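The values are calculated or read from the model by the stated rules, or taken from the named source; none is laboratory data. Values in this document were obtained by computation on a predicted structure and should not be read as measured data. Don't worry about glycine lacking a Cβ; one is built from the backbone with ideal geometry, like all the others, and counts go over all protein chains shown. Remember, those area values only see protein heavy atoms, side chains included, never the ligands or the DNA or RNA. Shrake-Rupley method; radii C 1.70, N 1.55, O 1.52, S 1.80 Å.
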Amino acid sequence: MGRRYWDASLAKLDFDKEINEAILAWVKHGRGILMLEGSVGIGKTYVCAALLNIWHSQHKHCRFFECKDFLAALRSVVNMNGEYLREVDRLCEANYFILDDLGSNLSGTEWQAEVLLSCIDKRYCSQLPTVVTTNLKREEIDKLLTNRASSRLYASENTFIQLSGDDRRNG
């Protein structure tokens, strides 16, 4: 996370009241997947930063990856020794995990789908707090990854929030 997000806080969220309450309820519940879907610049990464700030202040073990960086970290392991599924397990074992911008920069390769399903499945089965953000609709995730991945992300026990509005970066 860059300097822009150092002071990110859930108290500063200015979404509709019901969206703010849904995010706070998920934080209080403390498990499962929070799926944030919405257009570019709507505030998904800001929510992630606010959550990271909370968890860091509580000295929680957490990991944050942009999807492209997560895949790049695994590609380097593939190039070294090929044991990338073990590395997926290691990277995804944190008590708190954020995968930001799922679907960006994906070409839809079988390897990408396998790696991301492995991560999503591990987090889903463990019920550890996991945040996933995306600009994609569920149907697009089905095509890009598989319906197995989207089934876990959009499972009824998870919290799904659709964010809408204008790009906040453009004033």
Tally, over segment 134-165, of residues that are touching a residue at least 12 places away in the same chain (Cβ under 8 Å), over 14 Å from the mean Cα position of the chain (by Cα) and in a loop (DSSP other than H, G, I, E, B): 7
Consider segment 147-164. How many of its residues are under 17 Å from Pro129 (Cα atoms) and not small (Gly, Ala, Ser)? 8
Looking across segment 116-134 at residues that are hydrophobic (A, V, I, L, M, F, W, C) and touching a helix residue (DSSP H, G or I) at 6+ places or on another chain (Cβ under 7 Å), the single one that is most open to solvent (accessible area, probe 1.4 Å) is Leu117
Scan the helices (runs of 4 or more DSSP H) fully inside segment 14-81 and keep the ones with 2 or more residues being among the acidic types (Asp, Glu) and out of contact with any strand residue (DSSP E or B) (no Cβ under 7 Å at 6 or more places or on another chain). 17-29
If you go through segment 135-155 one residue at a time, do you hit one that is surrounded by 16 or more Cβ atoms within 10 Å (Cβ to Cβ) and closer than 17 Å to Asn20 by Cα? no
Just a yes or no: is a residue in segment 84-99 without any contact (Cβ under 8 Å) to a residue 40 or more places away in the chain, closer than 20 Å to Glu157 by Cβ and touching a strand residue (DSSP E or B) at 6+ places or on another chain (Cβ under 6 Å)? yes
Residue identified as open to solvent by less than 10 Å² (accessible area, probe 1.4 Å) and either at positive phi or of a type in the set (Gly, Ala, Ser) (or both) among Ala94, Ala113: Ala94
For residues that are buried (at least 16 other Cβ atoms within 10 Å of the Cβ) and either in contact with a His (Cβ under 7 Å, 6 or more places away or on another chain) or among the acidic types (Asp, Glu) (or both), tally how many sit in segment 8-61. 1
Run Arg168 past the list (1) among the charged types (D, E, K, R); (2) under 21 Å from Arg4 (Cβ atoms); (3) open to solvent by less than 20 Å² (accessible area, probe 1.4 Å) and report the number of the one that doesn't hold. (3)
Inside segment 82-91, can you point out the residues that are open to solvent by less than 60 Å² (accessible area, probe 1.4 Å) and in a loop (DSSP other than H, G, I, E, B)? Gly82
Residue check for Leu106: assigned to a helix (DSSP H, G or I) and either open to solvent by less than 50 Å² (accessible area, probe 1.4 Å) or of a type in the set (A, V, I, L, M) (or both): no
How many residues does segment 129-150 hold that are modelled with pLDDT under 95 and within 17 Å of Leu34 (Cβ to Cβ)? 6
